[in-house]
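Data first, discussion second: the structure below is written as structure tokens.
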């Protein structure tokens, strides 16, 4: 075997192969050209040369975390609306006071590019400080060609700057903008005929998402968006069954979606469709909690049918002002009753699958060396502690960030 | 007026007087000898000398935060039990596997003093990094004279080291230790006749707490503990009505307790008793969430009767592994539906009252200069964002930490 560029030695490893901790105690990970070239017990260490060796006794090594569902690019925040809502204001009151998603759309449309970059950078830096090596970022607060492109360009720029893998998702079908009120089909025309081709031409998106809900877009409108994505060879995913059973999970499965996200109201046939299609269910406890929802996602059915389950922050200013993947993990345990092992799988191997990334999410030979090092006694602690950060180092493609 | 040692200038101030934001825009705070000597609009700044002036345009100043209910001193953690419970293990299974509160008691009894210091320091440093100037710490994992004293001594030591005000609470009546199984009255004798006098003699406690619940101590046993505290001139507080309506709030009020904590099951007469006694209700959303509770505290009745409401982390390894006051604030909003203004009052003026501290918790002349500076657009954001930290500076008694 050629020399290792780097050997992380004397560390307990949770490989997360098959979605389990799959622990190798007192192990090492050898890295060549940014990839994992060897992993095993230190007692089996091969005799080849090592350019750099770092000993990590008493620490744990896991795959770098992956936040597979965020709306990280936005301007301003909706804390005033949050206070009004908790003070008893109705949605009508809030809309009259200029709140709701359109207030974020207006703020994002009006923001200069460098303002968007600066505000988004703070959030991305928090995720990086917690061990995220890959972060998905959606558009969806522009709702016109220029600002949707700007949001995705900001995300690409911050990916380069931060050293993280930022995976872009085009979410033009997030809401019907005010100027298309009562003309949602016309807006879907704009999404399919102008926005998506422009974004594809500039290579600004890695996937296409839509929000399927009576307050957003109908299944037929989502089909048009997904058909258009297929013509551009873009994989799809769906905000599905969050507030009602809209058949969203089945719709996502019908298009072999990478993921169906939220899925609180998904019914048994929907779960079976996800299983058959290999679509990941992405659970978003921050939105559940912030909205005061009561309908829990069908975790038993998802487990029984072998649907891979991911967990993400859903970081957004309206329904999930959660900038912390560790908080999302802890809430997935306390609110959705996922085990810590399921939570860690949900932000590593299953999150990678939700993004269509076969090259990361586990510690295996041939995978990219995206690694997080922790000062903990066991990876269980990563969903147990709420509000602390035990990360000691993060590597992306073998480079320490 | 004599010269200000320090003037924090050009900052928006939420004074939290009367439990409201009580904002003074474009304000200044003048400090002399660690106390607030002046607060007002910059346009009204008096003409006296200023030794040091710091301009904070675009930032906010609030009272330093106060975490008024923690069990911060403990050894080890219970993440394995957390995983077992989420995996479906019963309490009996967990007890058989060595879990439950007695596992923390055993670990704490066995821990060396410097281990306890090191593990507790990490948690205290997180709270400090979030803007806490005062942290209450309870004993209760020793359950014998030596280790209860050691825990409180560790807390005192870390208070000096950290620069924070650490307020100690003796909680010998936390659980009946194994060696007193079926002899809980004998254990209460030990608490009253040996532990409390020893702790008072060494000035290790600022107050006395007890856990009133069928699984812990009866109201009559709590009365004995509180009567004993009265003879030693120690104020009392109570873990009350967390898991059942044990009449705990009324019992706390009967003894003019500083606070009644948890209070999920407190009934209307209990709320009225708290109001009449001026006892603070301390809400602990971390424990509610971790235990998967469903009975919400009687927030409407607390508001209607004018009971001051505080919010705290309850940081402990069994039921609230929450090391973050900001997380407790955000959860108090999302889980208990407190407004952000109520949350901020709950960790400033009302938390000070829950600790019997008249010298802090608001920005007023004569109060101690315990101040937090934030890079935010409005203090609403302090309960809105979950998992981020916008603190830029913390002052305790006028000294920057």
Counted residues, segment A:314-342 - those being over 21 Å from residue B:293 (Cα atoms) and over 11 Å from the mean Cα position of the chain (by Cα): 12
Out of the residues in segment A:192-217 that are in contact with a helix residue (DSSP H, G or I) (Cβ under 8 Å, 6 or more places away or on another chain) and assigned to a loop (DSSP other than H, G, I, E, B), state the one that is surrounded by the fewest Cβ atoms within 10 Å (Cβ to Cβ). A:202
With the requirement that a residue be at the interface with another protein chain (Cβ under 8 Å from one of its Cβ atoms), surrounded by 24 or more Cβ atoms within 10 Å (Cβ to Cβ) and farther than 17 Å from residue A:323 by Cβ, what does segment B:334-347 give you? B:338
Taking segment A:297-322 and keeping only residues that are assigned to a loop (DSSP other than H, G, I, E, B) and closer than 25 Å to residue A:80 by Cα, one is left with A:312, A:313, A:314, A:315, A:317, A:318, A:319, A:321
Just give me the residues in segment B:292-306 being at pLDDT below 95 and either away from chain A (no Cβ under 11 Å) or touching a helix residue (DSSP H, G or I) at 6+ places or on another chain (Cβ under 8 Å) (or both), in sequence order. B:292, B:293
Within segment B:72-102, residues farther than 22 Å from residue B:312 by Cα and surrounded by 20 or more Cβ atoms within 10 Å (Cβ to Cβ) come out as B:80, B:81, B:83, B:85, B:86, B:99
Filtering segment A:164-191 down to residues that are farther than 16 Å from residue A:355 by Cα, modelled with pLDDT of 95 or more and assigned to a loop (DSSP other than H, G, I, E, B), which residue is farthest from the chain's Cα centre (by Cα)? A:183
Only listed residue being outside any strand (DSSP E or B), in contact (Cβ under 8 Å) with a residue 40 or more places away in the chain, within 14 Å of the chain's Cα centre (by Cα) and in the same structural domain as residue A:221 (by TED's automatic domain parsing), chosen from A:123, A:156: A:123
When residue A:65 is run through (1) surrounded by fewer than 22 Cβ atoms within 10 Å (Cβ to Cβ); (2) within 14 Å of another protein chain (Cβ to nearest Cβ); (3) more than 20 Å from residue A:290 (Cβ to Cβ); (4) under 26 Å from the mean Cα position of the chain (by Cα), the failure sits at (1)
If residue B:394 meets every condition in (1) surrounded by fewer than 24 Cβ atoms within 10 Å (Cβ to Cβ); (2) facing chain A (nearest Cβ under 8 Å) apart from one, which number is that one? (2)
Does any residue of segment A:110-119 turn out to be in contact (Cβ under 8 Å) with a residue 12 or more places away in the chain and under 20 Å from residue B:386 (Cβ atoms)? yes
Among the residues of segment A:323-333, are any in a loop (DSSP other than H, G, I, E, B), more than 9 Å from every other protein chain (Cβ to nearest Cβ) and at pLDDT 95 or above? no
Please find, within segment B:348-358, the residue that is farthest from the other protein chains (Cβ to nearest Cβ) out of those that are farther than 30 Å from residue B:100 by Cα and assigned to a loop (DSSP other than H, G, I, E, B). B:358
Would you confirm, using the coordinates I've provided, whether residue A:309 is facing chain B (nearest Cβ under 10 Å) and in contact with a helix residue (DSSP H, G or I) (Cβ under 7 Å, 6 or more places away or on another chain)? no
Picking from B:173, B:155, the residue that is buried (at least 22 other Cβ atoms within 10 Å of the Cβ) and farther than 23 Å from residue B:394 by Cβ would be B:173
Among the residues of segment A:359-384, the number that are more than 14 Å from chain B (Cβ to nearest Cβ) and either over 21 Å from the mean Cα position of the chain (by Cα) or more than 18 Å from residue A:130 (Cβ to Cβ) (or both) is 9
Hits in segment A:252-288 (condition: in contact with a helix residue (DSSP H, G or I) (Cβ under 6 Å, 6 or more places away or on another chain), surrounded by fewer than 24 Cβ atoms within 10 Å (Cβ to Cβ) and either outside the structural domain of residue A:232 (by TED's automatic domain parsing) or outside any helix (DSSP H, G or I) (or both)): A:255, A:256
Look through segment B:334-347, keep the residues that are without any contact (Cβ under 8 Å) to a residue 60 or more places away in the chain and not in a helix (DSSP H, G or I), and return whichever of them is farthest from residue A:334 (Cα to Cα). B:339
Here is a list: B:113, B:109, B:121. Which entry is under 30 Å from residue B:382 (Cβ atoms), surrounded by fewer than 19 Cβ atoms within 10 Å (Cβ to Cβ) and at pLDDT 95 or above? B:121
Within segment A:233-245, work out how many residues are in contact with a strand residue (DSSP E or B) (Cβ under 8 Å, 6 or more places away or on another chain) and in a loop (DSSP other than H, G, I, E, B). 4
Restricted to segment B:289-313, and to residues that are within 22 Å of residue B:358 (Cα to Cα) and crowded, with 24+ Cβ neighbours inside 10 Å, which residue is farthest from the chain's Cα centre (by Cα)? B:307
Name the strands (runs of 3 or more DSSP E) wholly inside segment B:1-98 in which the number of residues that are under 28 Å from residue B:310 (Cβ atoms) and modelled with pLDDT of 95 or more is 3 or more. B:6-14, B:23-32, B:35-41, B:60-63, B:65-67
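The values are calculated or read from the model by the stated rules, or taken from the named source; none is laboratory data. Fair warning: this is a prediction, and the values are worked out from it, not measured in the lab. As a convention, Cβ positions derive from the backbone with ideal geometry for all residues, glycine included, and neighbour counts pool all protein chains shown.
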